[in-house]
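**Student:** Here it is, the structure in full.
The values are calculated or read from the model by the stated rules, or taken from the named source; none is laboratory data. Predicted model only: the values in this text are computed from it and were never measured. Note: ideal-geometry Cβ built from the backbone for every residue, glycine included; neighbour counts use all protein chains shown.
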Amino acid sequence: MGSIIPRKRKDGSTAYLAQIVLKAGGRITHRENKTFPARREAAGWLARREEEIARQGPAKPASGPPLADVIDRYTTETMKRIGRTKAQCLRTIKALPIASMPSAEITSADILAAARQLADRGAKPQTVQNYLSHLGAVFAVAKPAWGYPLDQQAMRDAIVVAKRLGVTSKSRTRDRRPTLGELDKLLEHFDRIRANRPTAAPMRDIILFAIFSTRRQEEITRIRWQDLDEKHGRILVRDMKHPGDKVGNDQWCDLPPEAMAVIRRQPRTADRIFPYKVDAIGTAFTRACQLLGIDDLHFHDLRHDGVSRLFELGWNIPQVACVSGHRAWQSLKRYTHMRQRGDKYAGWRWLKKKTA
């Protein structure tokens, strides 16, 4: 009935979560937990509470299902596909003490405490904000859809307070761009791999396509030959990332000539133009950067570099948006004050060699 779970704190010390879970008919009827600095204290509390519950019953009846059960129903019944990031965030929240609390008893203070626990585990303020945003989606659905007494106002209050206390914050603008020297190293590295192992993913072409198409990693692995409009130089990007709703957000995006050239030399051996897994591409890129001593370069920085290049070529916001797929032009305004002008890739040997 009871269990003790050791948890590492940010300072390296260990806390002990004593947890009691009661079930009846296959359903959880009561949850309760308490954290202690020592296992002996946790064991003592657990023994006392088990004896009290056996004699008197739970201290108070659960008011609504525990948050963990609500999260499970949300992930099971929502009609939208939940992305990997959101699913991972919700799984992490289910491991926090708040997940065992009855729905009606969760207050803004409890949500704020959960946010602090995420921060204590090393999550950055912008990451904690993402966690609360995904949890807020569960709160928004729970009561109107299933009658679960989760308080949306408590969620809104917690988000406001967490921001003011610095527990959460907006994501910082990232301006890292690859240099031509770094790209030379990467493309030479992947060319050697491809020469020795022809079945390996064509990372050279994938990197070039990411830059000149400005496509995200997941989008690259999702586009199909049937979505290519070669006559008009564009591609249909399905389920494009969008703050409100990416599922069903299909959008036509223009392909600059360099990106089209990369597509044309891909073999038509599968439905997808780049039939490879996102994780495999990301892992190969990260390992190559580590091996080559390229510091703090992410695959997504290739998209940023591609968008920046278009502005450096003198394109305006509507023209760039037709390639990048940005619906909110406000997101592109930070690119309009580029310090340099011209094409940094003009005369680049990889551009001549590989996209001619």
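**Student:** Kindly check whether there is at least one residue in segment 206-216 that is among the hydroxyl-bearing types (S, T, Y), farther than 20 Å from R177 by Cα and within 22 Å of the chain's Cα centre (by Cα).
**Tutor:** There is no residue in segment 206-216 that is among the hydroxyl-bearing types (S, T, Y), farther than 20 Å from R177 by Cα and within 22 Å of the chain's Cα centre (by Cα).
**Student:** Return the residues of segment 76-103 that are among the β-branched types (V, I, T) and either within 13 Å of the chain's Cα centre (by Cα) or more than 19 Å from K241 (Cα to Cα) (or both); say none if nothing qualifies.
**Tutor:** T76, I82, T85, T92, I93, I98
**Student:** So, one more: Only one of (1) within 27 Å of Q153 (Cβ to Cβ); (2) at pLDDT below 80; (3) in contact with a strand residue (DSSP E or B) (Cβ under 8 Å, 6 or more places away or on another chain) is not met by A99, so which one is it?
**Tutor:** Status for A99: all satisfied but (2).
**Student:** Here's something else I'd like to know. Would you confirm whether any residue within segment 227-248 is assigned to a helix (DSSP H, G or I), assigned by TED's automatic domain parsing to the domain that holds V307 and of a type outside the set (F, W, Y)? Reasoning before the result, please.
**Tutor:** Within segment 227-248, the first condition is being assigned to a helix (DSSP H, G or I), and the residues that meet it are 227.
The next check asks that each one be assigned by TED's automatic domain parsing to the domain that holds V307; those that pass are 227.
Subsequent filtering for residues that are of a type outside the set (F, W, Y) retains 227.
Yes, there is a match, as at least one residue in segment 227-248 is assigned to a helix (DSSP H, G or I), assigned by TED's automatic domain parsing to the domain that holds V307 and of a type outside the set (F, W, Y).
**Student:** Could you identify the single residue in A87, A68, A142 that is part of a helix (DSSP H, G or I), in contact with a Ser or Thr (Cβ under 8 Å, 6 or more places away or on another chain) and surrounded by fewer than 15 Cβ atoms within 10 Å (Cβ to Cβ)?
**Tutor:** When all the criteria are applied, what remains is A87.
**Student:** I'd like the residue in segment 190-226 that is assigned to a loop (DSSP other than H, G, I, E, B) and not charged (D, E, K, R) and, out of all such residues, is surrounded by the most Cβ atoms within 10 Å (Cβ to Cβ).
**Tutor:** From segment 190-226, those assigned to a loop (DSSP other than H, G, I, E, B) are 197-202, 214-216, 223; that's our starting set.
The next check asks that each one be not charged (D, E, K, R); those that pass are 198-202, 214, 223.
Values: P198: 8, T199: 5, A200: 14, A201: 19, P202: 20, T214: 27, I223: 21.
Taking the candidates together, the pick is T214.
**Student:** Looking only at segment 273-287, count every residue that is free of Cβ contacts under 8 Å to residues at least 12 places away in the same chain and part of a loop (DSSP other than H, G, I, E, B) and tell me the total.
**Tutor:** Of the residues in segment 273-287, 0 are free of Cβ contacts under 8 Å to residues at least 12 places away in the same chain and part of a loop (DSSP other than H, G, I, E, B).
**Student:** Which of the residues spanning segment 114-139 are under 21 Å from Q152 (Cα atoms) and touching a Pro at 6+ places or on another chain (Cβ under 8 Å)?
**Tutor:** Those that are under 21 Å from Q152 (Cα atoms) and touching a Pro at 6+ places or on another chain (Cβ under 8 Å): A114, Q117.
For every residue, the table says whether it meets (1) closer than 24 Å to N249 by Cα; (2) at pLDDT below 90.
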| site | (1), (2) |
| --- | --- |
| V278 | yes, no |
| I281 | yes, no |
| Q290 | no, no |
| L297 | no, no |
| V307 | yes, no |
| Q319 | yes, no |
| H326 | yes, yes |
| K333 | yes, yes |
| M338 | no, yes |
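**Student:** Within segment 160-174, can one find any residue that is within 19 Å of A95 (Cα to Cα) and either outside any loop (DSSP other than H, G, I, E, B) or touching a residue at least 60 places away in the same chain (Cβ under 8 Å) (or both)?
**Tutor:** No: zero hits.
**Student:** Does at least one position in segment 182-201 carry a residue that is under 19 Å from the mean Cα position of the chain (by Cα) and either over 22 Å from A346 (Cα atoms) or not small (G, A, S) (or both)?
**Tutor:** Here is the first cut: in segment 182-201, the ones under 19 Å from the mean Cα position of the chain (by Cα) are none.
Scanning segment 182-201, I find no residue that is under 19 Å from the mean Cα position of the chain (by Cα) and either over 22 Å from A346 (Cα atoms) or not small (G, A, S) (or both), so the answer is no.
**Student:** Condition test on R268, is it basic (K, R) and in a helix (DSSP H, G or I)?
**Tutor:** In short, no.
**Student:** Among R116, R156, which is the only one that is part of a helix (DSSP H, G or I) and without any contact (Cβ under 8 Å) to a residue 24 or more places away in the chain?
**Tutor:** Result of the check over R116, R156: R156.
**Student:** Next question. For Q126, are the conditions met, namely being touching a residue at least 40 places away in the same chain (Cβ under 8 Å) and surrounded by fewer than 17 Cβ atoms within 10 Å (Cβ to Cβ)?
**Tutor:** So Q126 fits the description; yes.
**Student:** Residues in segment 175-189 that are free of Cβ contacts under 8 Å to residues at least 24 places away in the same chain and exposed (fewer than 11 other Cβ atoms within 10 Å of the Cβ): how many?
**Tutor:** Within segment 175-189, the subset free of Cβ contacts under 8 Å to residues at least 24 places away in the same chain is 179, 181, 188.
Subsequent filtering for residues that are exposed (fewer than 11 other Cβ atoms within 10 Å of the Cβ) retains 181.
Selection size over segment 175-189: 1.
**Student:** Something else: Determine, yes or no, whether Q290 is more than 23 Å from the chain's Cα centre (by Cα) and in a helix (DSSP H, G or I).
**Tutor:** Details: more than 23 Å from the chain's Cα centre (by Cα): no; in a helix (DSSP H, G or I): yes.
When the stated conditions are applied, Q290 does not pass them.
Yes/no matrix, rows are residues, columns are (1) basic (K, R); (2) closer than 22 Å to L297 by Cβ; (3) in contact with an Asp or Glu (Cβ under 9 Å, 6 or more places away or on another chain); (4) in the same structural domain as R73 (by TED's automatic domain parsing):
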site	(1), (2), (3), (4)
Y131	no, no, no, yes
M155	no, no, no, yes
A158	no, no, yes, yes
R192	yes, yes, no, no
N196	no, no, no, no
